[in-house]
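Here it is: the structure, laid out below.
The values are calculated or read from the model by the stated rules, or taken from the named source; none is laboratory data. What you see is a predicted model; the values in this text were computed from it and never measured. Ideal geometry is used to build each Cβ from the backbone, glycine not excepted, and the neighbour counts take in all protein chains shown. Quick note on the areas: whole protein, heavy atoms, side chains included, nothing else; ligands and nucleic acids left out. Shrake-Rupley method; radii C 1.70, N 1.55, O 1.52, S 1.80 Å.
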Amino acid sequence: MKKFFKFLGSYKFVLALTFLINVAIFAVVTLFLGYYFYILFQILGVLIIVGFLNKHNESPSYKLMWMAIIIVAPLFGAALYYQVKGRRGTKRTLKAWQNVNHTSLKYLEQDNEVLESLTRLEPKSANLSRYALATEKWPVYTNTTPTYLKDGETYFNELFEDLKKAKKFIFLEYFIIEPGKVWEELFNILRLKAREGVEVKLIYDDFGCVDRFEDKKFFKKLVNHGIEAVAFNKVVPTVNSFSQYRDHRKIVVIDGKTAYTGGINVGDEYANQVKKYGHWKDTGVKIVGDAVWNFTVMFLNNWQVATKKSIDILNYKVNFEVQPKVKDYVQPYGTGPINNSAIARNIYMKAISSATKYIYITTPYFIIDQELMDCIKLTALSGVDVRIVTPGIPDKKWVFYLTRSYYEQLLKAGVKIYEYTPGFIHAKMVVSDDDTAIIGTTNFDFRSLYLHFECGTIIHNSKTVNAVKQDIDTTMGSSHLITLRDVKQRKWYEKILAQILKFFAPLM
């Protein structure tokens, strides 16, 4: 039944229904009133949508895309626009977010000396961090040690060992949690720590986890083991603009001293315990030190909104007795659709446009707007070595076809594109100029860049940057370098389907 409600509340059902209504309206209007009345209906729809687009200061290419959709199918296009652009959700939810975010700002303070030292060391890197600080208020820290985790096996081995050492609290936030060997080992550790008196809190995305466990009350029963679990944005049989926003973050915080993030969910495929799409290449980062505070605040913000209960965040603030004396610059950040600007996309754009020597990107999905496309092309045409790694074995073929449709113009601009031959690459990373790396949860697609709650870690002046670059070099060595000939030899139906899908790219 929950799966049925999930379908009724999904944008797919809404769009399918409105498309059928649109066809019916076209038939009725043209039959009884004439085709010119339908054209008038189209023009009215375009004018209304343009008014909303101008209000939100959208780019010209984005406006043209929406006008094309409205002209073809006015009612369908209006429903699609509502689903994608009604980004402020309900008034109650918006107010809750505003209150929580406003309260947490006073606990996030940038040490100006840290930012000034980064500026002296590397002005370009400092500019990227200044943008993340100015828009989302996440400080950049020193006295933090980042450790690159090159695959899911390494990630879970490190994570489980650190969880066993927890003394005070464990926070976990995942988009997907599914039954299997990984979950069983994690669950056994969590309930053991809960028995020892450790506070354990878990946020799971309801859409990402729906129907993965046979027991429909599985998450509710975790409280019997001392684990507080709450669903983010519950799936309900209603349609509103907030229903499409998902918690795509992957965060673990241990005692406020250690944190984990990256592309890895809780599932056996992420640790290659099962082979769904060949070898699953994923990555993460572990951080120890001052910068963990950003993730603590990030998690507790979502917890307060999901539970509708206030928490004194300072109760979880850690004062390190002996701080790690390192000069890595680490900036964990969170993004979300509540703000009326594409901050997740802009962080990527800033990193790409700032590169002077090289920039490497890994992403499972590559579905972008024209502004990000132009940014990548301009960087490559400026002589920067731009490389993108995408999956060789996709998990969703229609997304794969759409990803490939962007290849030709990128290749002509000088971008090198690799498809990971052994299987599916799920890592979301950017590394540039031996000075900056970004490791997080944000894909290069519309849903991640505009509609999901995401997180990541910007790292400067660290050996972790070199570790990321070396791993991507190794990954490219196992990948197929795409040529224009490969693009031309795509199957005819793949090319046609990709062009059709581009109309619906904002939903992918």
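If a residue must be closer than 13 Å to PRO139 by Cα and in a helix (DSSP H, G or I), how many such residues does region 269-295 contain? Lay out the reasoning, then the answer.
First, pick out the residues of region 269-295 that are closer than 13 Å to PRO139 by Cα: 290-295.
From what is left, the residues that are in a helix (DSSP H, G or I) are 292-295.
Summing the residues that are closer than 13 Å to PRO139 by Cα and in a helix (DSSP H, G or I) in region 269-295 gives 4.
Going by the structure shown, is THR464 in a loop (DSSP other than H, G, I, E, B) and buried (at least 22 other Cβ atoms within 10 Å of the Cβ)?
No: the conditions fail for THR464.
Checking ILE264 against (1) open to solvent by 20 Å² or more (accessible area, probe 1.4 Å); (2) among the β-branched types (Val, Ile, Thr); (3) part of a loop (DSSP other than H, G, I, E, B): exactly one of these is not met. Which one?
Here ILE264 clears every test but (1).
Restricting to region 221-235, give me the number of residues that are without any contact (Cβ under 8 Å) to a residue 24 or more places away in the chain and either under 20 Å from ASN265 (Cα atoms) or surrounded by 15 or more Cβ atoms within 10 Å (Cβ to Cβ) (or both).
Restricting attention to region 221-235, the residues satisfying the condition of being without any contact (Cβ under 8 Å) to a residue 24 or more places away in the chain are 221-224.
Filter once more, keeping what is either under 20 Å from ASN265 (Cα atoms) or surrounded by 15 or more Cβ atoms within 10 Å (Cβ to Cβ) (or both): 222.
So the count comes out to 1.
A follow-up question, please. Of all residues in region 226-247, which are on the phi < 0 side of the Ramachandran plot and at pLDDT 95 or above? Give the derivation first.
We begin by selecting, within region 226-247, every residue on the phi < 0 side of the Ramachandran plot; these are 227-232, 234-247.
Within region 226-247, ILE227, GLU228, ALA229, VAL230 qualify.
What is the residue count in region 134-143 for residues that are closer than 11 Å to ILE347 by Cβ, assigned to a helix (DSSP H, G or I) and not acidic (Asp, Glu)?
In the first step, residues of region 134-143 are kept if they are closer than 11 Å to ILE347 by Cβ; the result is 135-136, 138.
Keeping just the survivors that are assigned to a helix (DSSP H, G or I) gives 135-136.
With the extra rule that they be not acidic (Asp, Glu), the set shrinks to 135.
Qualifying residue count, region 134-143: 1.
Tell me yes or no: at least one residue of region 167-180 is farther than 23 Å from VAL274 by Cα and of a type in the set (D, E, K, R).
There is at least one residue in region 167-180 that is farther than 23 Å from VAL274 by Cα and of a type in the set (D, E, K, R).
Select from region 387-442 the residues that are in contact with a Leu (Cβ under 8 Å, 6 or more places away or on another chain), part of a strand (DSSP E or B) and buried (at least 22 other Cβ atoms within 10 Å of the Cβ) and list them in ascending order.
Correct list: ILE388, ILE417, TYR418, THR436.
Next up: Taking the conditions exactly as written (of a type in the set (A, V, I, L, M, F, W, C), open to solvent by 20 Å² or more (accessible area, probe 1.4 Å), farther than 25 Å from SER462 by Cα and in contact (Cβ under 8 Å) with a residue 60 or more places away in the chain), does PHE169 satisfy them or not? Lay out the reasoning, then the answer.
Working: of a type in the set (A, V, I, L, M, F, W, C): yes; open to solvent by 20 Å² or more (accessible area, probe 1.4 Å): no; farther than 25 Å from SER462 by Cα: yes; in contact (Cβ under 8 Å) with a residue 60 or more places away in the chain: yes.
The answer is no for PHE169.
Also: Determine which member of the set GLY278, GLY284 is of a type outside the set (A, V, I, L, M, F, W, C), over 20 Å from LYS106 (Cα atoms), at pLDDT 95 or above and surrounded by fewer than 22 Cβ atoms within 10 Å (Cβ to Cβ). Can you show your working first?
Numbers: GLY284 fails: surrounded by fewer than 22 Cβ atoms within 10 Å (Cβ to Cβ).
On inspection, the qualifying residue turns out to be GLY278.
Name the single residue, out of those in region 335-372 being more than 16 Å from ILE438 (Cα to Cα) and more than 18 Å from the chain's Cα centre (by Cα), that is surrounded by the fewest Cβ atoms within 10 Å (Cβ to Cβ). Don't jump to the end; show me each part of the working.
From region 335-372, those more than 16 Å from ILE438 (Cα to Cα) are 336-342, 356-357, 365-372; that's our starting set.
From what is left, the residues that are more than 18 Å from the chain's Cα centre (by Cα) are 356-357, 370-371.
Numbers: THR356: 13, LYS357: 11, GLN370: 13, GLU371: 15.
Step by step, filter region 335-372, then rank; the result is LYS357.
Another question, then. If a residue must be closer than 19 Å to LEU300 by Cα and outside any loop (DSSP other than H, G, I, E, B), how many such residues does region 175-218 contain?
Qualifying residue count, region 175-218: 10.
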